[in-house]
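Everything below concerns the one structure shown next.
Nothing in this text is a laboratory measurement; each read-out follows from the coordinates by a stated rule. The structure displayed is predicted, hence computed values, not measured ones. Note that we place each Cβ from the backbone using ideal geometry, even for glycine, and neighbour counts take in every protein chain shown.
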């Protein structure tokens with residue numbers, strides 16, 4: 001060790017002097033210095049072991065003693081026994097073992113006793129070191145296997161640079177597994193060079209460093225393939241099983257709680273019933289080509305048959321976002337992860353800035369390859385989409401009422417119909433920008449500051465229409481002309497310019513029902529509030545009118 005026994009005892013005395021009196025501790029030095037690594041910048045890590053049954057805090061106390069940083073951690077004998085028990089019981093499923101649990105157990109087992117040697121010996125005897133070596137080696141082997149399989153999949157998908165990075169990660173994990181089986185169980189990879197030196201197998205050490213230094217240059221697909229092949233071969237030589245070059249054993253599977261919904265041609269993918277991804281044209285085409293449960297090479301070939309050039313990166317993005325998952329035939333889901341790094345899990349991109357957020361056709365997308373995260377929770381997205389459709393139905397109905405009232409000279413009826421049409425159009429505009437729940441109709445104009453700058457000029461025209469009176473055919477025609485102009489502008493701004501004239505004919509009403517049904521299906525799935533109670537009947541009738549004979 002880089003510190004003598006006398007120096008360690010002196011640091012311990014000064015550290016304990018800063019802690020409350022009254023507890024008799026057994027003490028070990030753990031961490032890199034206890035392992036025989038370390039340098040002048042390394043922490044002094046003391047673990048204090050108490051005989052009581054209380055839960056002692058996990059968080060360390062940080063002290064500064066004689067110019068060195070000292071971490072004080074505490075554990076009761078009961079807590080240590082529980083840690084070892086959980087580790088031993090979970091060893092058959094290494095992928096589920098907590099990295100922190102493994103690290104805590106390793107540091108104690110390889111610690112240097114300073115005080116209370118008898119208790120420390122008893123505590124360490126709860127889990128034999130040889131048993132821990134096997135557990136640690138299996139844990140690293142599990143991660144190596146998954147990293148290398150993931151690298152294989154990425155290479156098939158044309159993501160050579162990322163594949164090389166994961167191959168490099170698998171390389172580290174494979175050699176750490178090999179070293180752990182020989183007693184070098186310290187988890188932190190930064191001391192790997194010293195661990196390999198102590199393992200006294202120069203041929204293994206040299207081959208590892210040769211591969212570690214030989215990672216390919218970015219953009220060289222052939223070099224990435226050669227590099228992965230070399231890493232797979234070395235991992236197999238180190239005893240890592242289940243990593244042959246067999247892409248056909250990779251299968252594309254359904255991810256839990258991921259569903260697909262379309263509104264017209266627009267594809268939406270809902271993740272976990274909370275997040276909505278909107279797919280661009282090319283991304284949607286590749287998504288619709290998926291036949292889950294098939295080997296990855298077949299899935300890739302089917303995507304290529306759609307006419308989309310180089311669909312691999314899109315499939316890789318679906319995988320990154322957790323919209324699909326990969327499995328190894330006979331080996332379960334592939335879950336790559338990097339120890340001592342961010343926990344594994346689906347990537348969540350920043351929400352799209354496309355505006356308006358949605359239209360009749362679905363969520364806005366930024367381009368043909370887009371896999372855009374909609375900046376609304378899934379339930380609000382569905383509610384806003386249904387509101388866009390229904391507000392336009394109401395606007396159409398109000399315009400029809402206005403026409404009929406003007407024909408009969410019913411001026412007050414016409415005024416109310418015009419105001420209703422303005423409010424309905426504005427509700428559609430607000431909904432298209434993701435505002436849900438909506439302001440009250442009487443407050444819509446005043447809240448137009450919530451909308452983007454380019455939508456705000458409509459405020460003056462809407463305010464003027466809401467104040468207009470109708471007392472003659474001349475004023476009625478003027479209001480009707482201005483109202484149609486404002487409704488058209490709102491629909492253009494909200495992406496509803498193609499809305500059918502719902503009440504003109506049976507065909508336009510059927511087109512309206514089809515639009516509404518697409519959104520109602522999503523809303524019902526997400527348990528969003530339906531715009532009107534009658535919408536439940538539209539759902540029950542699968543998007544058709546409930547009464548006519550089929």
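Quick notes
- Calculated from the alpha-carbon coordinates, region 120-193 shows an Rg and a Dmax of 15.4, 54 Å respectively.
- Here the label points at residue 131 and residue 213, each 7 Å from Cα along the C-beta direction, are separated by 4.2 nm in the simple model.
- Within region 207-240: backbone nitrogen closer than 16 Å to the residue 161 label point (7 Å, Cα to C-beta): 215-225
- Percentage, to the nearest whole number, of Cα pairs in region 136-245 over 16 Å apart: 53 percent
- Nearest 10 degrees, 0 to 90: helix 160-180 Cα axis against the chain principal axis: 30 degrees
- Pairwise FRET efficiency - residue 273 versus residue 23, Cβ, R0 = 35 Å, nearest 0.05: 0.10
- On Cα atoms only, tilt of 506-525 relative to the major axis of the chain in degrees: 30 degrees
- Counting every pair of alpha carbons in region 48-180, the share spaced more than 22 Å apart comes to 51 percent.
- Among beta bridges that DSSP assigns inside region 5-127, antiparallel share in %, nearest 5: 65 percent
- Based on Cα contacts under 8 Å between residues 6+ apart, the chain shows a relative contact order of 10 percent.
- Inter-probe distance in nm under a simple model that places probes 7 Å from Cα toward Cβ, at residue 86 and residue 478: 7.7 nm
- The calculated P(r) of region 250-373, using every Cα pair and 10 Å bins from 0, goes 13, 43, 34, 10, 1 in percent.
- The protection proxy used here, the mean number of other Cβ atoms lying within 10 Å of each residue, ranks peptides 150-160, 401-411 as follows, highest first: 150-160, 401-411.
- Extent along the principal axes, Cα only, for the chain: 105, 61, 44 Å, with the longest axis given first.
- The Rg/Rh ratio for region 183-320, using Cα coordinates for both the radius of gyration and the Kirkwood hydrodynamic radius, is 1.11.
- Length-normalised contact order of region 5-127 in % [C-alpha pairs under 8 Å, at least 6 apart]: 29 percent
- Theoretical FRET efficiency, 1/(1+(r/R0)^6), r = Cβ-Cβ of residue 338 and residue 201, R0 25 Å, to 0.05: 0.50
- Packing here is the average count of other Cβ atoms within 10 Å per residue, and on that basis the peptides 18-26, 114-122, 425-433, highest first, run 425-433, 114-122, 18-26.
- Cβ-derived FRET efficiency at R0 60 Å, residue 288 paired with residue 416, nearest 0.05: 0.85
- Inter-site label distance for residue 488 and residue 403 at 7 Å from Cα along Cβ, in nm: 1.5 nm
- Folded to 0 to 90 degrees: helix 221-237 orientation relative to the chain principal axis, Cα: 40 degrees
- Length gained when the stretch residue 62-residue 281 is fully extended (0.36 nm per residue, less Cα-Cα span): 73.4 nm
- Distance from the Cα centroid of region 116-183 to that of region 211-249 is 17 Å (rounded to whole angstrom).
- Residue-span extension gain [residue 304 to residue 463] - 0.36 nm each, minus C-alpha spacing: 51.9 nm
- Here region 370-441 and region 52-81 have alpha carbon centers that stand 62 Å from each other.
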